[in-house]
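Q: Below are the structure tokens for one structure; questions will follow.
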Amino acid sequence: MIQPRPRTIPEATVGRLAVYLRVLTGLADGGRTTVSSGELASAAGVNPAGLRKDLSHLGSCGVRGVGYEVTALRERIARVLGAERSRACVLVGIGNLGTALADYAGFGSRGFRFVGLFDAAPSQVGQEIGGLTVQHMSELEATVAEHEATIGVIATPAEVAQSVCDRLAAAGIRSILNFAPVTLTAPVGVDVRPVDLSVELQVLAFLGQQRTARAAEVTA
């Protein structure tokens, strides 16, 4: 059996593999057993050639004329991404966004589980969200150590995000997803992935503006 080689997979491809995994999970839940490269590529928003190139990093996957076996491909991608293992996560910042993230059930099906929710505001501490009680920030380090959490999610205001990042890193967190609208500095060995929703909306607005301009040129 050809073993996957996750260390050789480019970061951009890893991001697309996660999308393929989501699509395949939906197909499997719907009872599909096979899927063509064209169908999978269309559902994932990529072209078939790009899909095949991405999947080539996993070894031989499909059968010419048949396509991909949905369950087998899903399991192979899940192994490469580590989605078959449960990963303990902590979330800091229980505002509107943090509350929505904490209450989202979809993370569990992808191998991520929150083991601690934290906020510094007394009004937030003690709330029950997603089956967990919001804890005070003073309990962060102990919870990370107890559950051996390695992933942290920051959903705080920008002005406190860096200090939260520093505490997470010092506590042993090695991967941070940052929703705060600020660039964070982390020590070597700690990966930070920014998610700025306002930037994404601005990109969408720009693309929409371009599309409208092109349509106007065609009809002029």
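We did not get these values from a lab; they are worked out from the coordinates using the rules stated. None of these values were measured; they are calculated from a predicted model. Cβ coordinates were reconstructed from backbone atoms using ideal geometry, including for glycine residues, and neighbour counts include every protein chain displayed.
Q: If one takes the longest principal axis of the Cα atoms in the chain, at what angle in degrees, from 0 to 90 and to the nearest 10, does the Cα axis of helix 158-171 lie?
A: The angle comes out at about 90 degrees.
Q: Please list, in order, the residues from the range 74-92 whose amide nitrogen is less than 15 Å from a point placed 7 Å along the Cα→Cβ vector of residue 28.
A: Backbone N within reach: 74-86.
Q: Restricting the count to DSSP beta bridges whose residues both fall in the chain, what percent are antiparallel, rounded to a multiple of 5?
A: Percentage antiparallel, nearest 5: 20.
Q: Further question: Under a point spin-label approximation (7 Å from Cα along Cα-to-Cβ), what is the residue 166-residue 136 distance to one decimal in nm?
A: A separation of 2.1 nm, rounded to one decimal place.
Q: Please work out the FRET efficiency for the pair residue 43 and residue 174, using the Cβ-Cβ distance as r and a Förster radius of 25 Å; give the result to the nearest 0.05.
A: 0.20
Q: So, one more: What are the GluC sites (Glu not before Pro) within the range 37-92 that DSSP puts in a loop, where the Cβ has at most 14 other Cβ atoms within 10 Å?
A: 84
Q: Are there any chymotrypsin sites (Phe, Trp or Tyr not before Pro) in the range 74-116 that are in a DSSP loop and have at most 14 other Cβ atoms within 10 Å? List them by number.
A: 104
Q: Applying the Karplus parametrisation 6.51 cos²θ - 1.76 cosθ + 1.60 with θ = phi - 60° to the phi angles of the range 94-102, what ³J(HN,Hα) value in whole Hz is obtained for each residue in order, glycine and proline being reported as x?
A: Taking θ as phi minus 60°, the curve returns 9, x, 4, 5, x, 5, 5, 5, 5 Hz for the range 94-102.
Q: Report D for the range 87-198 in µm² per second (integer): Stokes-Einstein, Kirkwood Rh on Cα pairs, 25 °C, 0.890 mPa s.
A: 179 µm²/s
Q: With label points built 7 Å along Cα→Cβ from the Cα atoms of residue 12 and residue 86, find their separation and express it in nm.
A: Using points 7 Å along Cα→Cβ, the separation is 3.7 nm.
Q: Say a site is exposed when it is one of the trypsin sites (Lys or Arg not before Pro), sits in a DSSP loop, and has at most 11 other Cβ atoms within 10 Å; what is then the longest site-free stretch of the chain?
A: Value returned for the longest uninterrupted segment is 86-220.
Q: From the helices alone, meaning DSSP H stretches of at least four residues, give me the mean residue ellipticity at 222 nm for the chain, per-run term -39500 (n - 2.57), in deg cm²/dmol to the nearest 500.
A: For the chain, the value works out to -14500 deg cm²/dmol.
Q: Now for a separate question. Considering only DSSP states other than H, G, I, E and B, which GluC sites (Glu not before Pro) in the range 108-173 qualify as loop sites with at most 13 other Cβ atoms within 10 Å?
A: 148
Q: Counting DSSP beta bridges in the range 87-198, what percent are antiparallel, to the nearest 5?
A: The antiparallel fraction comes to roughly 10 percent.
Q: Evaluate the distance, in nm, between pseudo-label points positioned 7 Å from the Cα of residue 145 and of residue 109 along their respective Cα→Cβ axes.
A: Going from the residue 145 label point to the residue 109 one covers 3.7 nm.
Q: Still on this model: Eigenvalues of the Cα gyration tensor times 5, then square-rooted: what semi-axes does that give for the chain, in whole angstrom, largest first?
A: Value: 35, 25, 16 Å, ordered largest first.
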